[in-house]
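Below you'll find the structure, written out as structure tokens, and then a few comments.
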Amino acid sequence: ALIIVAADHGPYLTKNGKDLNVPAYSLGDITRYDVQDRYGTLLAIRWPEEGYETRYDIRILQDVLPAVFAYIYDDDVLFDRLRMERKTLYPYVTGGVVVEDGIVVGGADDGRPLFDRVGIRR
């Protein structure tokens, strides 16, 4: 059986406890921790067969379904064909700071990775 446990977005505990699209914060006030707090997710996958944990380059939650479809149809090309661009879609949530392919763009931590540790944990 393929088992997926996923949780979408964080608890919004930093700063004002809601979207940061307010004049109270300048771009320089918004840190990657604020972005993590709003966009952080939980993802755990147990693949039915060994080797699949590294087969697909799953970096964002939206990569999961393309990977599952590629697995089900035994067609790895589906993963790249179906996956979304790895970029945050709602910059108002984080006051204009976005994340592109895991890198913070804008704010106090511009150019830094959103997370220090990413990848597979066994």
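The values are calculated or read from the model by the stated rules, or taken from the named source; none is laboratory data. What you are looking at is a predicted structure, and each value in this text was computed from that prediction instead of being measured. All Cβ positions, glycine included, derive from the backbone under ideal geometry; neighbour counts span all protein chains shown.
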Would you confirm, using the coordinates I've provided, whether Thr88 is within 17 Å of the chain's Cα centre (by Cα), polar (S, T, N, Q) and modelled with pLDDT under 95?
yes
Among Val99, Val118, which is the only one that is buried (at least 18 other Cβ atoms within 10 Å of the Cβ), touching a residue at least 24 places away in the same chain (Cβ under 8 Å) and not aromatic (Phe, Trp, Tyr)?
Val99
